[in-house]
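Heads up: the structure comes next, in structure tokens.
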Amino acid sequence: MRRLLFIALLFGQLFSQSLFQRLAAPVFYELGVQPNFQSNPLNLSSVEILKAAQDSDYLNGIAYSSSNVVSFTGKLSYSPRLFAGRKTRFNLQFNHHYYHDIPERTYQTYSMGIRQSLGQYRFLDLGYWILPEYYLRNYLVRDVRTLQSSREVCNFGTDRIWLGLQHRLSKKNKIEYRLTVRNEIYQAPFSHYDMNMLEADLKLIVGQFNGLSLVTEFQYGAADNINDYDDRDRSYKYLNIRPSMTLEMPGDHRIRLAGRYDQRAYESEQNDDPLHAGRYQDEVRIDFTLIPNISGPFLVEPFAGYRERRVDSSDQSVRELKSFSRYWFGVRFRFKSVIDMYF
């Protein structure tokens, strides 16, 4: 009996040591703050900006169409070797965006990602991201029973879960495939806008040029309107193209230029739904970031960007209502470090 107990304790100790060794890994973390200015955070058209300036009730008391913003970011990364000596990377991220002049717009996002090494520069990705509540603005709602109109707060929550695979095409070039399922759930009385989406992504990462890295992402998706409230269909198809480049400058400084082109085509052909029937839109976005070479754990990154949406519709008022543009600029301050703690 004593021998059996001794053997059991010995195997338990060996197992504990093995588990300890697999879990032993540093924890990398990053904290950031990002003061910036946004010219049109509510994505108002020029017609709406004029109406809001003339009528304080149009946006339900919101007095500004632009805002100073402060964003806070926290990240954690931990990579134990759980399976066959290969790393499993866990990534956690939290973002908080506070809009000083339009506090209704303030929101938070949370995300968790797992990247499992499969060997030979191959990785399997699984991730989840959520935005619990996001304020769009106050919209005019007409009650079909009383025929009375009132302005109601429009909020929605969205989340997405994805599965991806990355592998090398050559020594310095990689390709990534990703399948994503998304949901957009609107609070009453806007529940008829709820959406389920399915997306397919293809990303090419080119690093074979000295001092220049290129990334291009192609995304195609279908949004299905899960509407049980009326007979209108707000479903659409979309195509997004996202190229970016990072260029090394003298002194090891870098410049990153990212672009984005989005297309969306609504499927509705109902003549009594001019907001969606025959509607097509595209968006152009440009982001510029300067990444100075600063020694130590602190990083400072000035940035600026511009976004414009153009809408085509048989209804002139829809084209004017849904088209908008905005710009932003600011600076990111980040602190990166590591916790040498072993579990």
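Only the coordinates and a few stated rules stand behind these numbers; no lab work does. Worth saying up front: this structure is predicted, and the values here are computed from it rather than measured. For neighbour counting, all protein chains shown are included, and Cβ atoms are generated from backbone atoms with ideal geometry for every residue, glycine included.
Numerical summary
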item: Number of the exception - residue 227 against (1) surrounded by 14 or more Cβ atoms within 10 Å (Cβ to Cβ); (2) out of contact with any His (no Cβ under 6 Å at 6 or more places or on another chain); (3) part of a loop (DSSP other than H, G, I, E, B); result: (2)
item: Test: residue 278 is at positive phi, surrounded by 17 or more Cβ atoms within 10 Å (Cβ to Cβ) and either part of a loop (DSSP other than H, G, I, E, B) or more than 19 Å from the chain's Cα centre (by Cα) (or both); result: yes
item: Qualifying position, being among the hydrophobic types (A, V, I, L, M, F, W, C), farther than 26 Å from residue 106 by Cβ, in a strand (DSSP E or B) and without any contact (Cβ under 8 Å) to a residue 24 or more places away in the chain, among 222, 200; result: 200
item: Options 117, 170; residue that is touching a strand residue (DSSP E or B) at 6+ places or on another chain (Cβ under 9 Å) and outside any strand (DSSP E or B); result: 170
item: Top-ranked residue of region 242-275 - restricted to ones that are closer than 30 Å to residue 230 by Cα and among the hydroxyl-bearing types (Ser, Thr, Tyr), ranked as surrounded by the most Cβ atoms within 10 Å (Cβ to Cβ); result: 266
item: Residue in region 68-85 that is assigned to a strand (DSSP E or B) and under 20 Å from residue 154 (Cβ atoms) present; result: no
item: Single match in 159, 125, 101 (criterion: within 30 Å of residue 48 (Cβ to Cβ) and either assigned to a strand (DSSP E or B) or small (Gly, Ala, Ser) (or both)); result: 159
